[in-house]
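Below is one structure, written out as structure tokens; comments come after it.
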């Protein structure tokens, strides 16, 4: 199985794999030869694309266009690249406006809305605290209270200002922005849009476990995917998701069970609450969000995982977000859903 660390960096909650079972679930009367597929590596992870079209399509040309778009997004959004636009912004210690482009500004604004809805639990500027804990070095070093509080002064959306459609300004010159909790969803959105520009109306786009579907298979059967069981020591199927709707639908999952540290008998999650700078301690291990917008779903899955089941369901209900929460109690898992899940009659989870 693929390592599920987030493709852009590991400085924010990493995303968990939705296991694709397309090939395994095609019925006997389907026409798999009409489903075109290609895959590859991008952004530190893998991607898989399945599609079919009534008109003739050049799969190699489409793959070339997809790879070129991945390359563009990587240079724009990736925090692991020192030459990316976002890292150039981060490395510039200044309170002067900086040009980052319309896409980054739009992502920051979309993340700000989700951050406010989570009452600050989710925040793109958490990176300094993440580094303080040692998560980027894969060596946990819990900070003392004074150091943690001092570092938290460099965290907060209130210190990031949108100047105009293409410029951001740091009100704190040391501020840094990590897009890893939203950029992969945006990448799914961009690749899906690229397919639609080619008049492809039936597809499944998956990047590192984050996905969007539209339409159906050639035999008119629905796309089906599987949700991974939230256990650190194994990777097995937990739930089957059948997507009966033909309009675009994104499915994004965030979880705690792949990335953590055990130290002195205590487990520390990589998921940090930006309000306290400390790892979350609740028992919610996985949150899956269903939404028409992959970018929106990506940010919300992280925010709801940060909040945990009780506060998360309250926030999801208020914002109209359809979400599935999984809590671990000993060796068993309990599932809870937000109220908007009830309206998804064309999505079956079993």
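Summary table below
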item	result
Ranking of 273, 67, 83 by count of other Cβ atoms within 10 Å, fewest first	83, 67, 273
Ranked packing of 239-245, 51-57, most packed first, by mean Cβ within 10 Å	239-245, 51-57
Equivalent-ellipsoid semi-axes of segment 82-170, from the Cα gyration tensor, Å, largest first	25, 16, 12
Chain lengthening between residue 149 and residue 247 when straightened (0.36 nm per residue, less Cα-Cα)	30.7 nm
Stretch gain in nm, segment residue 56-residue 34, where the contour uses 0.36 nm per residue and the Cα spacing is subtracted	6.9 nm
Virtual spin-label span in nm between residue 75 and residue 92, 7 Å along Cα→Cβ	1.7
Segment residue 345-residue 220, extension gain: residue separation times 0.36 nm, minus the distance between their alpha carbons	43.2 nm
Two-site FRET efficiency, residue 333 against residue 139, from Cβ-Cβ distance with R₀ of 30 Å, rounded to 0.05	0.50
Distance between segment 177-240 and segment 293-350 - C-alpha centres, whole angstrom	17
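Where a number appears in this text, it was derived from the coordinates with a stated rule and is not lab data. Keep in mind the model is a prediction, meaning the values are calculated, not measured. Heads up, the Cβs are rebuilt from the backbone with ideal geometry, glycines too, and the neighbour counts pull from every protein chain shown.
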